[in-house]
Amino acid sequence: MIPSAAALPVHLTNVVKRYGRRTVLDGVSLEVLPGITGLVGPNGAGKSTLVRAMLGLVRLAAGTVRVFGLDPQRSPRAVRQSIGVVPEDECSVPGLSGVEMVRYAAQLAGLPGIEALRRAHEVLDWCDAGQERYRPVETLSVGVRQKVAFAAAIVHDPQLVILDEPTNGLDPLERRAMLGRLTTLARDHGKTILISTHVLPDVQAICERVIVLAGGRVRLSGSIRELTLPPAPEDRLEGIGPLDDMLMSLAGRGITARRVAPAPEAAPVSPAQRGAILFDASSASSVPAVWEAARATGVVVLSLERAQRPLEDVFLEAIAQADGPAHAALSSSSGDDDAAA
Amino acid sequence: MPLHDVGYRPWRGERCGYGHAVGVIAGTGIRLAWTSRWLRRAVFFAWSPALLFAASFFAFEQAVDQGQLGTMQEQARAGRNLDGVGVLGAVLARSLGAPPPDGRPLDANSTRHMVWARLLLAFMRAPQAVLLAVVVGLVAPTLISRDLRAKAWLVYFTRPVGKLEYILGKMAILGVLVAAITMLPALALWALGVLVSPSVWVAVATWDLPLKIILASLTLAVPTVLMALAYSSLTAESRIASFAWFATWAACWIAHTALTTADLVAAAEVTRLSREEAAQESFFADEAFGEFATVPPARQRSAPRGFRWLSRAAGLDSEIDRWAWLSPYHALGVVQAWIFGIETRWRAVLPPLVSLLTVTAVSSLVLWRRVDAPARA
């Protein structure tokens with residue numbers, strides 16, 4: 001159920017922001033619903049300005065911004081109490097250690113001193129910051145600094161968490177852990193999370209919705225599941241075994257199918273051992289036929305689900321529609337590369 | 001996984017109200033500033049002049065206690081001992097404007113009030129204002145410029161911290177340090193004066209001095225702190241802000257000295273010319289009137305050589321410093337003298353007062369515009 005406009009975490013209507021003659025946000029209207037939302041767009045699309053507008057840091061030329069029903073320009077204090085931000089730029093107070101930094105952030109958000117320290121340790125434990133927390137922030141590695149910034153953003157238990165490139169500089173394990181924490185916050189604690197990033201696989205992995213911003217306008221907005229559905233219904237099978245034999249078997253049964261690359265994230269079997277097939281799912285009899293073919297050829301089925309297009313394709317198409325031939329060429333060449341692969 | 005990891009838990013406590021952030025910013029800022037060894041040395045050194053002034057208070061009270069504010073001949077006639085410390089206190093009192101002995105008994109209370117006020121003014125004007133420039137110059141330039149360089153402004157303005165709270169927090173960091181080197185030692189001096197005086201009722205007789213000390217400290221702190229923070233907010237390089245701060249003090253001092261010296265030279269020239277004219281007139285007058293000719297005026301009494309700097313610092317210059325408004329140090333001195341009730345001529349006080357108010361207003365405006373400028377960019 002979609003909440004009413006007043007209770008929406010973020011609701012923007014026709015927001016216009018200009019820096020001199022340059023229009024950075026040009027009539028942006030969008031809603032951020034509870035759950036995880038990805039905010040994607042090319043460099044200079046206006047993502048950072050949009051986040052600043054939500055915080056009430058910039059004065060708008062036109063339009064309205066409401067965060068939990070409040071105007072950030074009129075009630076910046078109340079709005080910022082309910083928001084936690086992880087900025088893209090590394091920001092810290094030189095001289096403070098990791099735990100002091102998180103405590104400082106908690107105190108600035110209104111937590112009393114002792115409680116702020118207790119809470120800082122608790123959140124850093126959850127972020128797996130280890131003993132590194134006692135070192136000055138400016139001497140920490142990028143990954144630990146990112147953890148400290150994340151801990152500082154959530155230490156005061158905000159309802160809305162905005163993250164700008166949260167997986168920047170993280171190794172694959174840390175990246176996966178970070179995405180897991182975000183999912184936990186949204187699923188188990190009911191937080192609304194807005195991720196601004198260029199890493200589209202991250203968005204596709206954890207976000208429920210996506211907003212594509214380009215040239216200061218919202219080009220695409222909606223559920224990722226719906227946006228990434230292929231034009232014709234297709235199912236995707238991941239399995240181990242003689243997939244080429246299975247393809248021939250499917251062709252013999254009149255089902256159109258093709259090999260594609262396996263999903264990189266699917267554990268525990270490595271992509272080298274796995275294979276994937278996309279097949280036409282427009283007919284109701286295709287799925288039983290696929291099971292039959294798998295049994296006949298000895299393929300072990302790991303997963304069978306509705307196929308989705310990569311979010312990257314959706315993104316590029318949206319940008320191409322917005323910006324004309326140059327991006328359209330880029331989009332089509334990307335599609336050709338995928339087909340060749 | 002850490003042993004104490006309890007997972008993420010919601011927090012439902014009560015948040016502190018408006019103004020809490022000021023204390024947090026100030027507390028953290030002071031703690032970070034205090035890690036500088038140079039600052040600790042400077043603050044420690046800033047208390048050392050207080051020892052000299054404490055000795056002055058003691059000497060003066062000795063003079064009062066021994067009744068030596070009158071002439072030495074009177075004391076000798078009365079059979080009292082001429083104690084060295086008491087004599088020093090008497091000389092000190094004369095240097096600070098106590099009326100010369102004319103045979104009548106001096107009112108100890110009014111003399112004490114005057115001497116204490118002038119001692120406190122001298123203390124705040126001569127050593128402490130210079131030390132203040134040094135200490136503020138060590139701390140202030142980094143306060144905002146470092147936030148700009150490390151993008152720490154995001155730490156504040158993405159949280160429920162307003163511009164005013166941020167500025168007040170930063171001002172409080174410097175305010176505490178300024179208080180530590182000006183107000184606290186001056187109040188300690190006043191308390192010491194009470195302790196070494198013949199009666200604790202002296203505290204009642206001089207009740208207004210602590211208030212004047214606080215007011216004079218605020219006068220010292222507000223424009224200087226705002227100016228230093230304004231410099232700091234104009235650049236992400238703290239050394240540039242540092243340079244600008246010290247350059248302002250030095251350049252204004254030099255300009256003041258140059259202009260004052262030029263005035264003195266001009267005045268000396270006028271005096272010389274008028275003397276020459278007078279000499280010519282007296283030559284003719286001598287010829288005409290003989291013994292009725294004019295005689296040169298007697299040399300004015302002034303403080304003993306060792307105490308002249310004290311007299312000057314205590315605001316005993318009879319000439320109006322017409323260039324005081326040009327230099328923060330001199331302007332602050334005049335306004336503080338006015339607060340202590342030593343300088344009462346509006347013609348002397350108004351230009352420095354306007355100058356300091358202008359500095360305060362301009363610095364506040366610059367700060368207000370600059371502290372969140374990166375967020376608006």
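List of remarks:
- Only one of the numbered conditions (1) out of contact with any Leu (no Cβ under 7 Å at 6 or more places or on another chain); (2) modelled with pLDDT of 80 or more; (3) surrounded by 12 or more Cβ atoms within 10 Å (Cβ to Cβ) is violated by B:A285, and that is (2).
- Taken as a whole, the condition of being crowded, with 24+ Cβ neighbours inside 10 Å and more than 11 Å from every other protein chain (Cβ to nearest Cβ) applies to A:G98.
- Options B:V161, B:V135: the member that is out of contact with any Phe, Trp or Tyr (no Cβ under 9 Å at 6 or more places or on another chain) and within 14 Å of chain A (Cβ to nearest Cβ): B:V161
- Test: residue in the stretch A:87-95 that is within 9 Å of chain B (Cβ to nearest Cβ), touching a strand residue (DSSP E or B) at 6+ places or on another chain (Cβ under 7 Å) and of a type outside the set (D, E, K, R): yes
- Residue within the stretch A:141-150 that is at pLDDT 90 or above and outside any helix (DSSP H, G or I) present: no
- Cβ-Cβ contacts under 7 Å between residues 6 or more apart (or on different chains), taken from a first residue in the stretch B:128-143 that is farther than 19 Å from B:I214 by Cβ to a second residue that is surrounded by 22 or more Cβ atoms within 10 Å (Cβ to Cβ) and of a type in the set (D, E, K, R), are listed as B:L143/B:K170.
- Selection status of A:G169, outside any helix (DSSP H, G or I) and touching a Gly at 6+ places or on another chain (Cβ under 8 Å): yes
- Sole exception among (1) over 18 Å from the mean Cα position of the chain (by Cα); (2) at pLDDT 90 or above for A:S92, by number: (2)
- The lone exception for B:K151 - which of (1) out of contact with any Leu (no Cβ under 8 Å at 6 or more places or on another chain); (2) in a helix (DSSP H, G or I); (3) within 14 Å of another protein chain (Cβ to nearest Cβ) it fails: (2)
- Scanning the stretch A:151-174 for residues that are at pLDDT 90 or above and not acidic (D, E) turns up A:A151, A:A152, A:A153, A:I154, A:V155, A:H156, A:P158, A:Q159, A:L160, A:V161, A:I162, A:L163.
- Within the stretch A:109-129, considering residues that are part of a helix (DSSP H, G or I) and over 28 Å from the mean Cα position of the chain (by Cα), the one nearest to the other protein chains (Cβ to nearest Cβ): A:E115
- Some residue of the stretch A:38-52 being at pLDDT 90 or above and surrounded by fewer than 17 Cβ atoms within 10 Å (Cβ to Cβ): no
- Taking every residue in the stretch A:292-303 that is more than 21 Å from A:A263 (Cα to Cα) and pairing it with any residue that is at pLDDT 90 or above and in a strand (DSSP E or B), at least 6 positions away or on another chain, yields no pair with a Cβ-Cβ distance below 8 Å.
- Taken together, the criteria exclude B:T224 from residues that are surrounded by fewer than 16 Cβ atoms within 10 Å (Cβ to Cβ) and assigned to a helix (DSSP H, G or I).
To keep it simple, each residue is scored yes or no on (1) of a type in the set (S, T, N, Q); (2) at pLDDT 90 or above; (3) at positive phi.
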position: B:I213; (1), (2), (3): no, yes, no
position: B:A228; (1), (2), (3): no, yes, no
position: B:S233; (1), (2), (3): yes, yes, no
position: B:R239; (1), (2), (3): no, yes, no
position: B:T248; (1), (2), (3): yes, yes, no
position: B:C252; (1), (2), (3): no, yes, no
position: B:E277; (1), (2), (3): no, no, no
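- Residue list for the stretch B:181-213, restricted to those being β-branched (V, I, T), under 23 Å from B:A42 (Cα atoms) and surrounded by fewer than 16 Cβ atoms within 10 Å (Cβ to Cβ): none
- Checked across the stretch B:6-27, the condition of being assigned to a helix (DSSP H, G or I), modelled with pLDDT of 70 or more, more than 14 Å from chain A (Cβ to nearest Cβ) and surrounded by 15 or more Cβ atoms within 10 Å (Cβ to Cβ) holds for no residue.
- Qualifying residue in the stretch A:79-90 (condition: crowded, with 17+ Cβ neighbours inside 10 Å, in contact (Cβ under 8 Å) with a residue 60 or more places away in the chain and among the basic types (K, R)): no
- Qualifying residue in the stretch B:162-169 (condition: modelled with pLDDT of 90 or more and either among the polar types (S, T, N, Q) or surrounded by 23 or more Cβ atoms within 10 Å (Cβ to Cβ) (or both)): yes
- Residues being more than 14 Å from chain B (Cβ to nearest Cβ), hydroxyl-bearing (S, T, Y) and in contact (Cβ under 8 Å) with a residue 60 or more places away in the chain - total across the stretch A:18-65: 3
- Single residue of the stretch A:273-290 satisfying the filter (assigned to a helix (DSSP H, G or I) and in contact (Cβ under 8 Å) with a residue 12 or more places away in the chain) that is surrounded by the most Cβ atoms within 10 Å (Cβ to Cβ): A:V290
The values are calculated or read from the model by the stated rules, or taken from the named source; none is laboratory data. Note that the structure is predicted; figures quoted are calculated from it, not measured. FYI the Cβ positions are ideal-geometry reconstructions off the backbone, even for glycines, and counts take in every protein chain you see.
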